Amino acid sequence: MRTAIRQQLINQIPEIDGRCFEPHAAGAKTPKPYLVLRQGDDTPGTLWTGFRRIIEVWPYLPRTTFEGVDAMVQKVVSALGDQPLTTAAGEVFTCQYLGVAGQDVVDEEWDIITRGLRFSVLALQPVAVPETVAADPWLEALAAWTVATLGGAWTAYRSAWPLGYLRPSVMWRVAGTEIREKSRAVFEVRKRFIGHILGSTPNEQAAGILTVVQELGSAVKLCLDAPNKRYLTVQSPSADYRADALTAGQLAVTLSRSTSRPAEEVPYINEVYGDGSLS
């Protein structure tokens, strides 16, 4: 992961001329400008993203003016912020810019000025145990409908982001399930789904969100089992363009379906006797 970040910075910022180091490798005589990577602690993430790791990037420039630091900061943020990076093992991760790490720093002994930048890294993990349980058929139906709506260039994932995820893509996960009794013979199953839309560009991502939420609003029903004429009712689709695509998800929708209770097995009445009179 650290190697992939370092290589991305070297590729995207030619001014550093390959000078991107770990903290122990740079010194007072190191040619400037250069970057230093510092790795922070790992914290638990979510079931669908994996853990979070904090990475700090410190651009070091000659002790002149902080305008040069400002310019270098913008280049670092552009190189890493929300960019999918791939390790040598094929693991995909994304860096999210969190802001500066404290105040501007002036080191007179080394004759440098710097400012720390903090990034949160979402590290997706391979599945340790092979899945043996069939996927939720409602989730499958929603994912298939979404790809058909957005087009063949999009990829659909279920429940979690995989290693090597593609763009553009959508990931749906079940956020909750509710059972409501409608009568003694019928009950309603309701499931809340969260959708994550990840585009190749910001415009493609925004267009994908708009398309899905509009089409869900007009669909009314989604096909669950065409041969048996089973459908899901669409309720309350919504979108939040500001939500994070990887962690929070920008789409939400409730799907429901009414189901008959199974008939209880009771003894049949074989014969009825009467005496011919009513009291």
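Only the coordinates and a few stated rules stand behind these numbers; no lab work does. From a predicted model like this one, the values you see are computed outputs, not experimental measurements. Glycine also receives a Cβ, built like all others from the backbone with ideal geometry; neighbour counts cover every protein chain displayed.
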GNM result for the chain, Cα springs below 10 Å: residue of GLY208, GLY50, GLY152 fluctuating most strongly = GLY152
Spatial separation of Cα centroids for the stretch 141-159 and the stretch 11-69, in angstrom = 37 Å
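Could I get the Rg over Rh figure for the stretch 137-260? Both from C-alpha atoms, Rh via Kirkwood, rounded to two places. Working shown, then result.
Working: Rg = 14.8 Å, Rh = 14.9 Å.
Rg/Rh: 0.99.
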Whose amide H sits under 5 Å from the amide H of GLY116, counting only residues 5 or more places off or on another chain, with H placed in the peptide plane?
-> ALA101
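What does the charge dipole of the chain about its Cα centre add up to, to the nearest 20 debye, if the Cβ of each Lys and Arg holds +1 and the Cβ of each Asp and Glu holds -1?
Details: 27 positive and 30 negative charges, 68 e Å.
Here the size comes out at about 320 debye.
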Distance in nm between label sites at LYS229 and THR30, each 7 Å beyond Cα in the beta-carbon direction?
-> 7.2 nm
Which net charge results for the neighbourhood of TYR231, defined as the other residues with beta-carbon distances under 9 angstrom from its beta-carbon, given Lys and Arg at +1 and Asp and Glu at -1?
-> +3
Length gain on complete extension for the stretch ASP42 to THR259, per 0.36 nm per residue less the alpha carbon to alpha carbon distance?
-> 73.6 nm
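Pop the C-beta distance of ILE54 and GLU109 into the FRET formula with R0 = 35 Å and round what comes out to the nearest 0.05. Kindly include the intermediate steps, with their values, before the conclusion.
Numbers: r = 27 Å, r/R0 = 0.78.
Result of the calculation: an efficiency of 0.80.
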Would you calculate a helix-derived [θ] at 222 nm for the chain, using -39,500 (n - 2.57) for each DSSP H run of n ≥ 4 and dividing by the full residue count, to the nearest 500?
-> -7000 deg cm²/dmol
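Find out how many positive minus negative residues lie around ILE194, taking Lys and Arg as positive, Asp and Glu as negative, among other residues whose Cβ is under 14 Å from that of ILE194. The partial results should precede the final answer.
Details: positive: ARG158, ARG173, LYS191, ARG192; negative: ASP136, ASP240, ASP244.
So the surrounding residues net to +1.
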Could you calculate the contour length gain from ALA135 to ASN203, that is, 0.36 nm times the residue separation minus the distance between their Cα atoms, to one decimal place in nm?
-> 21.3 nm
Order by protection proxy (mean Cβ within 10 Å, highest first), peptides 252-260, 10-18 | 252-260, 10-18
Roughly how tilted is helix 66-80, in degrees to the nearest 10 and between 0 and 90, from the longest Cα axis of the chain?
-> 40 degrees
In degrees, nearest 10, range 0 to 90: what is the angle between the Cα axis of helix 137-150 and the longest Cα principal axis of the chain?
-> 60 degrees
Roughly how tilted is helix 2-12, in degrees to the nearest 10 and between 0 and 90, from the longest Cα axis of the chain?
-> 70 degrees
Using modelled amide H (1.01 Å from N, peptide plane; none on Pro or chain starts), what sits under 5 Å from the amide H of GLU91, excluding residues fewer than 5 places away?
-> none
Among beta bridges that DSSP assigns inside the chain, antiparallel share in %, nearest 5 | 90 percent
How do the peptides 214-222, 140-148 rank, highest first, by the average count of neighbouring beta carbon atoms within 10 Å per residue?
-> 140-148, 214-222
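Between THR64 and ASP240, what length in nm is gained on full extension when 0.36 nm per residue of separation is reduced by their alpha carbon distance?
Working: separation 176, 0.36 × 176 = 63.36 nm, distance 4.33 nm.
The THR64-ASP240 span can extend by a further 59.0 nm.
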